[in-house]
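S.K.: The structure that follows is given in the form of structure tokens.
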Amino acid sequence: MTANLLDFDLDGLAAFCQRLGEKRFRAVQLFRWIHQKGVARFEDMTDLARSLREKLPGVCEVRGLPVLAEQASADGTIKWLFDVGDGNAVESVFIPEDDRGTLCVSSQAGCAVGCRFCSTGHQGFSRNLTTGEILAQLWHAEHHLRRRFNTTERVISNVVMMGMGEPLQNYHALVPALRVMLDDHGYGLSRRRVTVSTSGVVPMMDRLAQDCPVALAVSLHAPADALRDDLVPLNRKYPIAELLDACLRYLPAAPRDFITFEYCMLDGVNDSLDHAEQLIGLLQGHAGTGVPCKLNLIPFNPFPDSGLRCSSRATVKAFADRLHAAGIVTTVRKTRGDDIDAACGQLAGDVLDRTNAAQRLAQRRRQEGQPVIWTPKKQETSA
């Protein structure tokens, strides 16, 4: 198979061009055509030397992802289902706001972390995406939306690695993709406007601070280890104290002077005022200084088989009010795209599970005395 130029950051593309006997400025030209202009056909890259345009088709291509489906929400949110082969499909979501356009990007086909409140985790895990497959989501969305809105201006101003998968468990593919997003010859996004969400892969948080520090969002969801062990199984390997220590180590390199903590509001599970008090004590008292942070409360978006319910509006408000009163900056995430299953925690796509996640979920529900309502998912992708 020929090389996919979406797999390369600028340095990687320069090295590829060097192997072809071409100078670095040719790589810059190619990079701009691909990412700034969305051009895939080498014959259309008019400022490249004719000899290079004739050479490239035999050794490489710009290979995007087939779109299996596109859905538009009543609120303007758009969701794409991309075919990544072998019975797997991943989802990306564009969320328009008055002052920005945000793309939520997937990093894996499925997810191996298995958080209880996340639809992707219930699908299981198949494989990591390549750098090209991560970037193809942005490449398609940006240039498709420019054509749709009849503009040459940038449409996507923010990228959040909050789609399917745990980004820091696909580190080798993630970092080159981030570098393309940030590169002025690519998408030119600010480090403040590119966010990596993690459930707490501590060693990779430390590496990201050194290699490509962008905004960081940490999926916390509980104020104590016993509860977080149940909600976010990765906590058993990297408990809360270790996670918060990693957050403090990340801050000196971060583009913002705070860490965002995500907290999914689950009825009767983690949403009491006592939980709020524990959370305040944790975030303001850790290491004697606390962790500079912003709390993002996420109303749970139900999906089949979760066995969980969303906290009431009154409960979410009371929780947020208590955090505000303690001096913690707190927002309640607005639910977007829930009519097309594009809201936070709902992305599932189609995953050829290699981890038997559904069976393990059914077994846990039996152990907890809950009804088992899982049925095997048909493993195919279709529009």
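S.K.: State all residues of the range 256-308 that are assigned to a loop (DSSP other than H, G, I, E, B) and of a type in the set (K, R); if no residue qualifies, say none. Before the answer, list the steps.
M.R.: Step one: of the range 256-308, the residues assigned to a loop (DSSP other than H, G, I, E, B) are 256-258, 267-272, 289-292, 300-308.
Within the range 256-308, just R256 meets the criteria.
S.K.: Looking at the range 300-311, can you tell me whether even one residue there is crowded, with 19+ Cβ neighbours inside 10 Å, closer than 15 Å to S219 by Cα and among the polar types (S, T, N, Q)?
M.R.: no
S.K.: Would you confirm whether any residue within the range 67-74 is surrounded by 22 or more Cβ atoms within 10 Å (Cβ to Cβ), of a type in the set (V, I, T) and at pLDDT 95 or above?
M.R.: Within the range 67-74 (the criterion being surrounded by 22 or more Cβ atoms within 10 Å (Cβ to Cβ), of a type in the set (V, I, T) and at pLDDT 95 or above), the answer is no, since none of the residues qualifies.
S.K.: May I ask you to verify whether L297 is under 22 Å from T195 (Cβ atoms) and buried (at least 18 other Cβ atoms within 10 Å of the Cβ)?
M.R.: Yes, satisfied.
S.K.: Report the residue count in the range 112-141 for those that are at pLDDT below 95, part of a helix (DSSP H, G or I) and either hydroxyl-bearing (S, T, Y) or not assigned by TED's automatic domain parsing to the domain that holds M161 (or both).
M.R.: So the count comes out to 2.
S.K.: Being out of contact with any Lys or Arg (no Cβ under 7 Å at 6 or more places or on another chain), surrounded by fewer than 16 Cβ atoms within 10 Å (Cβ to Cβ), over 22 Å from V160 (Cβ atoms) and touching a residue at least 60 places away in the same chain (Cβ under 8 Å), is that true of even one residue in the range 273-288?
M.R.: Step one: filter the range 273-288 for residues out of contact with any Lys or Arg (no Cβ under 7 Å at 6 or more places or on another chain), giving 274-275, 277-288.
Checking the rest, the ones that are also surrounded by fewer than 16 Cβ atoms within 10 Å (Cβ to Cβ) come to 274, 277, 281, 284-285, 287-288.
Filter once more, keeping what is over 22 Å from V160 (Cβ atoms): 274, 277, 281, 284-285, 287-288.
From the residues that got through so far, the ones that are touching a residue at least 60 places away in the same chain (Cβ under 8 Å) too are none.
No - not one qualifying residue is present in the range 273-288.
Condition check ((1) touching a Phe, Trp or Tyr at 6+ places or on another chain (Cβ under 9 Å); (2) buried (at least 21 other Cβ atoms within 10 Å of the Cβ); (3) among the small types (G, A, S)) across all residues:
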| site | (1), (2), (3) |
| --- | --- |
| N4 | no, no, no |
| A27 | yes, yes, yes |
| F31 | yes, yes, no |
| K37 | no, no, no |
| G58 | no, no, yes |
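Yes/no matrix, rows are residues, columns are (1) modelled with pLDDT under 95; (2) in contact with a Lys or Arg (Cβ under 9 Å, 6 or more places away or on another chain); (3) of a type in the set (D, E, K, R):
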| position | (1), (2), (3) |
| --- | --- |
| L6 | no, yes, no |
| I34 | no, no, no |
| A40 | no, yes, no |
| D47 | yes, no, yes |
| W80 | no, no, no |
| A89 | yes, no, no |
| V105 | no, no, no |
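The values are calculated or read from the model by the stated rules, or taken from the named source; none is laboratory data. Note that this is a predicted model, so its numbers are computed, not measured. Counting neighbours? That spans all protein chains shown, and the Cβs are built from the backbone with ideal geometry, glycine included.
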